[in-house]
Amino acid sequence: MRIREALTSSNPRSVSSALRRRRYERMVAAFPGFEDMRVLDLGGRPSSWRHVDVAPAQVVCLNLEVHEPTPEGPVVTVQGDACDVDAVRRLGRFDLVYSNSTIEHVGGHARRRQFSTSVTSAADRYWVQTPNRYFPIDPHTVFPAFQFLPVRARRYVAERWPLSPLGGDQDLTEEILTIDLLSATELGHYFPDAAIWCERVAGLTKSLVAVHQ
């Protein structure tokens, strides 16, 4: 249990949380005037914005999940599909689009293409992060090369691997099939005008970020 807590992003003292904080600091530095911006968070949760050191003027979190209502204040939640380009456009223009570990969950090439269109339609500036497919440890299960196994083998591992958070109330196979990690080439294809920043851990690329300033 202690190993799992040290690795999971839900633990503020975990390795994953530390990397996320460092990545967030780099994002803030990349966009001068961030604290005055109106930000669209595609796939984000309002809870992730509660304890940041530097917050924007307003955040609109668009997510398929239903979150606590926030009709007023700096963080607004909207239930919706980040791949629905028309719905995203109806939210208006933003200073920045931010997305953390979402594009790998939207479901296939066509949906990723729609997601990228949503991003570029909502703002000129964006920061889109996704785990690197070729990092040796899968970020969802903390299991080596999990992403390269056949579905049946992934299900077997997820059922038995003590560090895996998959399963619970959800259908395990369904949950596994919603995870489709991207490479740097793929992320660059969806965001051809962006610079691809490689976040490295121990010399290996752990995460990829499409950055357009």
Worksheet entry | Charge dipole (debye, nearest 20) of the chain; +1 at Cβ of Lys and Arg, -1 at Cβ of Asp and Glu | 660
Worksheet item: Ordered by residue, what ³J(HN,Hα) values in Hz, to whole numbers, does the range 28-34 give under the Karplus form 6.51 cos²θ - 1.76 cosθ + 1.60, where θ = phi - 60° and Gly and Pro are x?
Response: 4, 5, 6, 10, x, x, 3
Practice prompt. Enter the per residue convex hull volume of the range 103-147, computed from alpha-carbon coordinates, in Å³ rounded to the nearest integer.
Written response: 79
Practice prompt. Net charge near MET37: determine it from the other residues with C-beta under 14 Å of the C-beta of MET37, scoring Lys and Arg +1 and Asp and Glu -1.
Written response: -2
Item to complete: With a ≥ b ≥ c taken as the square roots of the eigenvalues of the C-alpha gyration tensor of the range 126-168, please select rounded if a/c is under 1.5 and otherwise prolate if a/b is larger than b/c or oblate if it is not?
Response: prolate
Practice prompt. Report, to two decimal places, the Cα Rg of the chain normalised by 2.2 N^0.38 Å (N = number of residues).
Written response: 1.00
Fill in: For ASP41, residues with placed amide H under 5 Å, excluding near neighbours
VAL60, CYS61, LEU62, TYR98
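Read the figures in this text as sums done on the coordinates, not as results from a lab. Only a predicted model underlies this, so the values are computations on that prediction, with no experimental measurement involved. Here the Cβ is made from the backbone with ideal geometry for all residues, glycine too, and neighbour counts use every protein chain on show.
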